[in-house]
């Protein structure tokens, strides 16, 4: 596998994990928080999309132009329809992938506004790190609410996306 293909595949795996974790968020638990001052689960998902959308608008605006907001208002209220939030995440996942692929093919920095990444790989790593941070907060919120996914779920949906060994 070539380097570009491997980088894009790493994003695809990350997005499959995010999608699987997002599937654990439902109308019954969408307001659960990882801490008293933390964001509820639906806000975590909307925020992940919003960050992707914002940074794309800065460094690859053509890839952000068709992305809609996952917020119902300017106060940051997540959309009432969880399915719509999850669809936003899927759209921004594809947009990030396309922007990174184009950036790698073009070479050089991804820059715009006040945001500069010296290379598309650095933009990709920012998106992976940011998603991972929020996935951890979602797992914590689920744990504190007594809904931590069992290892049987976690293995194929999270760790199995990366592991190559057989158990």
Out of 82, 104, sole residue that is in contact with a helix residue (DSSP H, G or I) (Cβ under 6 Å, 6 or more places away or on another chain), at pLDDT 95 or above and surrounded by 17 or more Cβ atoms within 10 Å (Cβ to Cβ): 104
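With the structure loaded, tell me whether residue 25 is crowded, with 17+ Cβ neighbours inside 10 Å, within 19 Å of the chain's Cα centre (by Cα), within 26 Å of residue 162 (Cβ to Cβ) and modelled with pLDDT of 95 or more or whether it fails that test. Give the derivation first.
Details: crowded, with 17+ Cβ neighbours inside 10 Å: yes; within 19 Å of the chain's Cα centre (by Cα): yes; within 26 Å of residue 162 (Cβ to Cβ): yes; modelled with pLDDT of 95 or more: yes.
Yes, satisfied.
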Residue among 71, 54 that alone is within 29 Å of residue 41 (Cβ to Cβ), modelled with pLDDT of 95 or more and surrounded by 18 or more Cβ atoms within 10 Å (Cβ to Cβ): 71
In contact (Cβ under 8 Å) with a residue 24 or more places away in the chain and under 24 Å from residue 56 (Cα atoms): is that true of residue 141 in this structure? no
Considering each of 18, 4 in turn, give the residue that is assigned to a helix (DSSP H, G or I), in contact (Cβ under 8 Å) with a residue 60 or more places away in the chain and closer than 24 Å to residue 136 by Cβ. 18
Considering segment 24-36 alone, what residues qualify as being within 12 Å of residue 85 (Cβ to Cβ) and in contact (Cβ under 8 Å) with a residue 60 or more places away in the chain? 25
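Surrounded by fewer than 18 Cβ atoms within 10 Å (Cβ to Cβ), farther than 15 Å from residue 71 by Cα, under 11 Å from the mean Cα position of the chain (by Cα) and at pLDDT 95 or above: which single residue out of 37, 19 fits that description?
Values: 37 fails: under 11 Å from the mean Cα position of the chain (by Cα).
After applying the criteria, what remains is 19.
Is it true that residue 60 is in contact (Cβ under 8 Å) with a residue 12 or more places away in the chain, crowded, with 21+ Cβ neighbours inside 10 Å and closer than 19 Å to residue 10 by Cα? Quick ask: steps written out before the conclusion?
Working: in contact (Cβ under 8 Å) with a residue 12 or more places away in the chain: yes; crowded, with 21+ Cβ neighbours inside 10 Å: yes; closer than 19 Å to residue 10 by Cα: no.
Spelling it out, it is not the case that residue 60 is in contact (Cβ under 8 Å) with a residue 12 or more places away in the chain, crowded, with 21+ Cβ neighbours inside 10 Å and closer than 19 Å to residue 10 by Cα.
Could you check segment 71-91 and list, in sequence order, the residues that are within 12 Å of the chain's Cα centre (by Cα) and under 12 Å from residue 22 (Cβ atoms)? Working first, answer last.
Narrowing segment 71-91 to residues within 12 Å of the chain's Cα centre (by Cα): 85-91.
Answer for segment 71-91, where residues must be within 12 Å of the chain's Cα centre (by Cα) and under 12 Å from residue 22 (Cβ atoms): 85, 86, 87, 88, 89, 90.
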Just to be sure, is residue 160 without any contact (Cβ under 8 Å) to a residue 40 or more places away in the chain, surrounded by 12 or more Cβ atoms within 10 Å (Cβ to Cβ) and over 15 Å from the mean Cα position of the chain (by Cα)? yes
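I'm trying to understand the selection: among the residues of segment 1-20, which are farther than 17 Å from residue 163 by Cβ and touching a helix residue (DSSP H, G or I) at 6+ places or on another chain (Cβ under 8 Å)? Let's see the steps before the verdict.
Kept after step one, since they are farther than 17 Å from residue 163 by Cβ, are these residues of segment 1-20: 2-5, 7-8, 11, 15, 18-19.
The answer is 4, 7, 8, 11, 15, 18, 19.
The values are calculated or read from the model by the stated rules, or taken from the named source; none is laboratory data. Nothing here was measured: the structure is a model prediction, and the numbers come from that model. Don't worry about glycine lacking a Cβ; one is built from the backbone with ideal geometry, like all the others, and counts go over all protein chains shown.
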